[in-house]
Amino acid sequence: MDYIVNILPSLLSGALVTLKVFLWTLVISIPLGIILSLGLTSKLTNKKILKIFSIKQVIEFYIWLMRGTPLLLQLIFVFYGLPIIGIVFQRYDAALVAFSLNYAAYFAEIFRGGFQSIPKTQYESASMLGLNSWQTTRKVIIPQVLKIVIPSIGNEVINLVKDSSLVYVIGIGDLLQAGNIATARDVTLLPLILVTIIYLLLTAFCTIILRKIEKYYSSWR
Amino acid sequence: MFRALNISKKFNEKQIISNFNLEVPDNKILCIVGPSGAGKSTLLRCLTGLESTDSGEFYLNDKKFDPTTANNKKSTIGLVSQDFGLFPNLTVMENIILAPQLVLKLSKEEALGKAQKLIKTLNLSGKEQLYPYQLSGGQKQRVAIVRTLAMNPKIICYDEPTSALDPKLSEEVGKILNKLKSNNIMQIVVTHDMDFAKQVADRIITVEPLS
């Protein structure tokens, strides 16, 4: 018990780093994902820039790049690779940049599916009532899209809790690294078991929040 | 008086409407009937501005206007579509007051007051807090009509208003349309239901597919 009390502060401080990466990634990547998905579904982004490529093609390339390469590679690229060409990030900022760009690509695809499943008549009804496209998107379309995408977003959120452990590769002391150090130092499994329990608690907490959001949206169909 | 003159519309080189004319006097109901594929729905989409026309002119009280921009910041033309187009994420009352608040800039109290009057007129009292999925087909349709009326349109178009209703409810909808005739509103109904057309129409136009 004494041992647990001794190592718990370092594990909890690691968990705090994990939580910070997790929360900031969500705060940045979800709105970015919505914007990108609007770009994917809008007719406006079909126009070619300098007669070479359209904004939609740029977004599609970005999503292909982010989903087609490992997140670990992206982390290493941002922190160790970009300084070679003069773009330097602090460790924590590099993690946020890599995670946000990666997750925004996944969220964009999820939201694209959501936007595409809204019947055209919803847009037409709103337009016949005189609503402009921003009012339509905000009051009519986004709430319906959110209801559709919540289960898929939930999957990604749970993945993000676990993926956040990848930050160890750029030297950030997160929950997993704290446990790993303690296990190696004290030659005991206990730190890793505690790490497991903390991850499970974090994902259980996320699941409860997601269920509550789903329940909120279940009042209408 | 609403007039559409020489309306033509092509889709993929196929002529759907050719030099079509129509006229609807104030407080009158015009029914457009015809078989499937005759271009009734396309015509309605052109009249409501959801589709642009290849040629033709529109006049409202002898003033030329463009249906594709007529509903910017107001609602000159209202549409009650075949699937009613209610917003599933909003309650009946929210569906009705959304546009009056955002577009006509009414205060919430003003919008609620207006909505309550219309709800009473169309026998929807007690349904204000329900969501569209909790309503029957006939109730959804009446909500769609109230929502359109709340925007004070000059013209209301209906796309197959009885397609989802049984004969008794169709008759009820007919009564509602007749009731609205006294409000200086011009109504255009696209339908394949000849009985309904005979029940409500002041004038019936038949459209046939172009060969």
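The values are calculated or read from the model by the stated rules, or taken from the named source; none is laboratory data. Since the structure is predicted, the reported quantities are computational estimates derived from the model, not experimental observations. Please note: Cβ atoms are built from the backbone with ideal geometry, for glycine as well, and neighbour counts cover all protein chains shown. Side chains are part of the model used for accessible areas, which takes the heavy atoms of the whole protein and leaves out ligands, DNA and RNA. Shrake-Rupley method; radii C 1.70, N 1.55, O 1.52, S 1.80 Å.
Name every residue in the range A:132-143 that is farther than 20 Å from B:Asn72 by Cβ and buried (at least 22 other Cβ atoms within 10 Å of the Cβ), in order of residue number.
Of the residues in the range A:132-143, the ones farther than 20 Å from B:Asn72 by Cβ are A:142-143.
None; the set is empty.
Does B:Ile119 count as within 19 Å of B:Leu180 (Cβ to Cβ) and at the interface with chain A (Cβ under 8 Å from one of its Cβ atoms)?
On the way: within 19 Å of B:Leu180 (Cβ to Cβ): yes; at the interface with chain A (Cβ under 8 Å from one of its Cβ atoms): no.
So B:Ile119 does not fit the description; no.
Given the criteria touching a residue at least 60 places away in the same chain (Cβ under 8 Å) and within 14 Å of chain B (Cβ to nearest Cβ), does A:Thr137 qualify?
Yes.
Let's see how each residue does on (1) modelled with pLDDT of 90 or more; (2) closer than 29 Å to A:Ser133 by Cα:
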site	(1), (2)
B:Ala4	yes, yes
B:Glu23	yes, no
B:Leu44	yes, yes
B:Thr68	no, yes
B:Gly78	yes, yes
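For the range A:169-210, enumerate the residues that are open to solvent by 60 Å² or more (accessible area, probe 1.4 Å) and over 19 Å from A:Leu8 (Cα atoms).
Passing the criteria: A:Phe205, A:Ile208, A:Ile209.
For the range A:86-113, give me each residue that is among the aromatic types (Phe, Trp, Tyr) and buried (at least 18 other Cβ atoms within 10 Å of the Cβ).
Going through the range A:86-113, the residues among the aromatic types (Phe, Trp, Tyr) turn out to be A:89, A:92, A:99, A:103, A:106-107, A:111.
Hits for the range A:86-113 are A:Phe99, A:Tyr103, A:Tyr106, A:Phe107, A:Phe111.
When only residues in the range A:114-131 that are open to solvent by 50 Å² or more (accessible area, probe 1.4 Å) and not small (Gly, Ala, Ser) count, which is farthest from B:Glu51 (Cα to Cα)?
A:Gln116
Kindly indicate whether any position in the range A:65-76 is of a type in the set (S, T, N, Q) and open to solvent by 40 Å² or more (accessible area, probe 1.4 Å).
Step one: list which residues in the range A:65-76 are of a type in the set (S, T, N, Q), which gives A:69, A:74.
Still in the list and also open to solvent by 40 Å² or more (accessible area, probe 1.4 Å): A:69.
Checked against the condition, which is being of a type in the set (S, T, N, Q) and open to solvent by 40 Å² or more (accessible area, probe 1.4 Å), the range A:65-76 yields at least one hit.
Residues in the range B:102-132 that are outside any loop (DSSP other than H, G, I, E, B), under 21 Å from the mean Cα position of the chain (by Cα) and not basic (Lys, Arg): how many?
8
I'm told B:Ser107 meets every condition in (1) hydroxyl-bearing (Ser, Thr, Tyr); (2) surrounded by fewer than 18 Cβ atoms within 10 Å (Cβ to Cβ); (3) within 14 Å of another protein chain (Cβ to nearest Cβ) except one. Can you identify the failing condition by its number?
(3)
Could you please find all residues in the range A:13-53 being of a type in the set (Gly, Ala, Ser) and within 25 Å of A:Val149 (Cβ to Cβ)? Outline the logic, then answer.
So the first thing to find is which residues in the range A:13-53 are of a type in the set (Gly, Ala, Ser), and the list is A:13-15, A:29, A:33, A:37, A:39, A:42.
Within the range A:13-53, A:Ser29, A:Gly33, A:Ser37, A:Gly39, A:Ser42 qualify.
Quick one: which strands (runs of 3 or more DSSP E) lie wholly within the range B:1-90 and hold at least 1 residues that are within 16 Å of B:Ile155 (Cβ to Cβ) and open to solvent by 10 Å² or more (accessible area, probe 1.4 Å)?
Answer list for the range B:1-90: B:2-11, B:14-24, B:55-60, B:77-80.
Out of all the residues in the range A:191-209, is one or more closer than 27 Å to A:Ile4 by Cα and not in a helix (DSSP H, G or I)?
Within the range A:191-209 (the criterion being closer than 27 Å to A:Ile4 by Cα and not in a helix (DSSP H, G or I)), the answer is no, since none of the residues qualifies.
Being of a type outside the set (S, T, N, Q), assigned by TED's automatic domain parsing to the domain that holds B:Tyr59 and buried (at least 16 other Cβ atoms within 10 Å of the Cβ) narrows it down to one of B:Lys181, B:Lys175, B:Lys168, so name that one. Can you show your working first?
Details: B:Lys175 fails: buried (at least 16 other Cβ atoms within 10 Å of the Cβ); B:Lys168 fails: buried (at least 16 other Cβ atoms within 10 Å of the Cβ).
Just one listed residue meets the conditions, B:Lys181.
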